[in-house]
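The structure appears below as structure tokens.
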Amino acid sequence: MTSEEIDAGYGRADHLCELGRWTDAERALGIVLGADPDHPQALARLTEVLENLDRPEEAAEVAERLIEAHPEDPTGYLALAEALVRQDEHAEAEPHVRAALDLDPSAPVAWQQLAEVLSYLPERGDEAVAAARRAVTLAPEDADMHATLGDALLTAFGDGPAAEAGYLTALALAPEDGGIRLRLGLARLQIGRLDDARDDFVEGLRREASLRHVSTVGMTLRLLGVPDRYAELYASVCAAMGEPATVDRTDPEVIEDQLDMAVCWWDNGARAAALEVLELLVDANPYSVEGLATLAEYRFESGRLDDAQVLAERALAVDPDAPAALFVLGLVCEARGDGAGAADWFERLRALPVDAEDRDWMMESLVNHGMAGRHPEMILWYEETATTGAAAAPEPVAAPVPPPLPTGALVRPAIDGEPTGRLAAIKAKLEVLKRLEAEHGFGVVVEEPATLERIPELPYGVVEVFSLFRRVEGTCLRIEQPVEINSRTAWITRRRDPHDPLGNPLAIGRVRRPTRFSDVEFEDGSPILLDVEDGRVFAVEPDDYVFFYEHPAEDVEIGYLGTDAVAFCDDYLLGEMYPQFVKNIIGVDVGTERIRKGPHKGELADTWMRLLVSAGLAS
């Protein structure tokens, strides 16, 4: 075949792919590759074809051929990663995506694929979202990038509202994309908007009824137990797949998914949806202890004490040692003023092994209902079991090693907000600052850290940072470990103001003007706060805070300082951004403000700035 014939043959194959005629496309690509075995576009297209024909192992082999023939082309690495993802080998896929980024760090599709891979890896959610945000930054008009951000938020964190926003942005850019509309439905299902999710599923399938999308909707509804509002949609989906519209609500997989969704909906405020699916579960599985106990808990939270008691007693009839049921009966007794009866149920509970997650919600429930003070034995039990029953930390897993790259490949770029290596950098900076302070006596404080325990409810970086220092302080600044993270008990029992317009952030320090040197208690100045939901650090003027409290509907300017506590410490507290950070808050340029009189005349007025300059960390 001549080069023109090969190009024409590839054009036909490409058109068949666009039409979704995968089998015909495979044959057409085979002819092209028979004439030119290393044709890069044909090899790349063939991997896509094989994946759509559900042959990911063969797709991986073709991708390896593409890498071998064209090692400088990132397409092969991304194709191999995608083939591995289709085989649920996400950890193995990551180094190949990294290899593609080494070759082209500005490729949005590579960051998109990295986000997809990391979303499914344990403890990598922050990195997944950061990668998706990078993809959006590089291609802000690409709907797929915004949809990937929604995917990362939904898969890694179960954050339905944030994912919904990502999908809506994507749909604004590509309003006829049925796949994105279906993903919007999944996000809305996650937050308990059942009718909206149903409408999204119907509209998404109307626009793009591929087998993959139809089966996704069918599987989702089946695992949910097919509530009545979804019966018609489920029947049409099953008809499209040629399957009977039946569902086994006693299937353990269905029961588990119903419980997971009910808890998710309840936590997100979609209480009616949670109760609906739990009623469905209990009706089909009258001896499900977990279903009965969970429904009993939610009925208690809804103020229906009699229903809660009946459900908890039914659970105990099946399993006399069901911890959640015993706890709910204790709550019911306490709510009715029967403290002695509650103490009896709680005593039975304390004699049983209870996992950490259940202990946490039990203690939180006691605190939220104002019952903890009347049952100090429960607080003592919680603290003792949290110490003696803590699981050993898992062995660290070595990071995947990227494959060898062609000569001249670029260094792998860091993801915005990626924590890798930053804690070590902060620790090294602190050691330098402590040494310089000991040598020169600038008058700053770098206090050694307390021993902190892990608090799963906190966002990444909070405990990690304050495990490196307890307090740092200079003339204009103090950052200090909040008492609320002294222990998990301290965190769960912390004081919370339901009317706080900023969501009860943690106070981690203050910034003040250097002229107010007499106030050694540092109570004046602007507070530095940490959002306990997303981990971002921010500053707000005290007067603005009061105004915001009194007028929650008004806008108040908030200056965010990094993506999390780690970024704040590395960039703002211990880095080049410190002078601008202080200037933005109090209007003082600590990089130029100097002492005018006395033995230190001419030196920088802010001792922390003086120390950073001496260490070469700021200028």
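The values are calculated or read from the model by the stated rules, or taken from the named source; none is laboratory data. Just so you know, these numbers come straight off a predicted model, no measurement behind them. Virtual Cβ from ideal backbone geometry, glycine too; neighbours counted across all protein chains shown. Side chains included, ligands, DNA and RNA excluded: accessible areas come from the protein's heavy atoms. Shrake-Rupley method; radii C 1.70, N 1.55, O 1.52, S 1.80 Å.
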Worksheet item: Considering 75, 47, which residue is open to solvent by 30 Å² or more (accessible area, probe 1.4 Å) and under 34 Å from the mean Cα position of the chain (by Cα)?
Response: 75
Worksheet item: What number of residues in region 175-210 are of a type in the set (A, V, I, L, M, F, W, C) and closer than 21 Å to residue 275 by Cα?
Response: 6
Fill in: Pairs, first closer than 13 Å to residue 288 by Cβ and assigned to a helix (DSSP H, G or I) in region 305-317, second open to solvent by less than 40 Å² (accessible area, probe 1.4 Å) and basic (Lys, Arg), C-beta under 7 Å, six or more apart
311/299
Worksheet item: Of the residues 218, 225, 269, which single one is outside any helix (DSSP H, G or I), open to solvent by less than 30 Å² (accessible area, probe 1.4 Å) and not hydrophobic (A, V, I, L, M, F, W, C)?
Response: 225
Discussion item. I'm checking my understanding of the structure. Among residues of region 2-34 that are under 16 Å from residue 48 (Cβ atoms) and part of a loop (DSSP other than H, G, I, E, B), which one is most open to solvent (accessible area, probe 1.4 Å)?
Written reply: 21
Item to complete: Assess whether residue 123 counts as being in contact (Cβ under 8 Å) with a residue 12 or more places away in the chain, surrounded by fewer than 23 Cβ atoms within 10 Å (Cβ to Cβ) and not in a helix (DSSP H, G or I).
Response: no
Discussion item. Being within 30 Å of residue 100 (Cβ to Cβ), at pLDDT 90 or above, in a helix (DSSP H, G or I) and of a type outside the set (Phe, Trp, Tyr): is that true of residue 130 here?
Written reply: yes
Fill in: Residues located in region 50-59, provided they are assigned to a helix (DSSP H, G or I) and open to solvent by 10 Å² or more (accessible area, probe 1.4 Å)
51, 52, 56, 57, 58
Worksheet item: When residue 246 is evaluated against the numbered criteria (1) of a type in the set (S, T, N, Q); (2) under 30 Å from residue 365 (Cβ atoms); (3) exposed (fewer than 13 other Cβ atoms within 10 Å of the Cβ), which criterion, by number, is the only one it fails?
Response: (2)
Worksheet item: Tell me, which residue of region 361-382 that is of a type in the set (Phe, Trp, Tyr) and open to solvent by less than 50 Å² (accessible area, probe 1.4 Å) is nearest to residue 456 (Cα to Cα)?
Response: 382
Item to complete: May I ask you to verify whether residue 63 is over 17 Å from residue 86 (Cβ atoms), aliphatic (A, V, I, L, M) and either surrounded by 17 or more Cβ atoms within 10 Å (Cβ to Cβ) or under 39 Å from the mean Cα position of the chain (by Cα) (or both)?
Response: no
Worksheet item: Among 472, 463, which is the only one that is open to solvent by less than 40 Å² (accessible area, probe 1.4 Å), in contact with a strand residue (DSSP E or B) (Cβ under 9 Å, 6 or more places away or on another chain) and not small (Gly, Ala, Ser)?
Response: 472
Fill in: Pairs with Cβ under 7 Å, 6+ apart, first in region 132-148 and farther than 17 Å from residue 184 by Cβ, second acidic (Asp, Glu)
133/416; 134/416
Worksheet item: Among (1) modelled with pLDDT of 90 or more; (2) in a helix (DSSP H, G or I), where does residue 37 come up short?
Response: (2)
Discussion item. I need a count of the residues in region 422-460 that are among the hydrophobic types (A, V, I, L, M, F, W, C) and open to solvent by 60 Å² or more (accessible area, probe 1.4 Å).
Written reply: 2
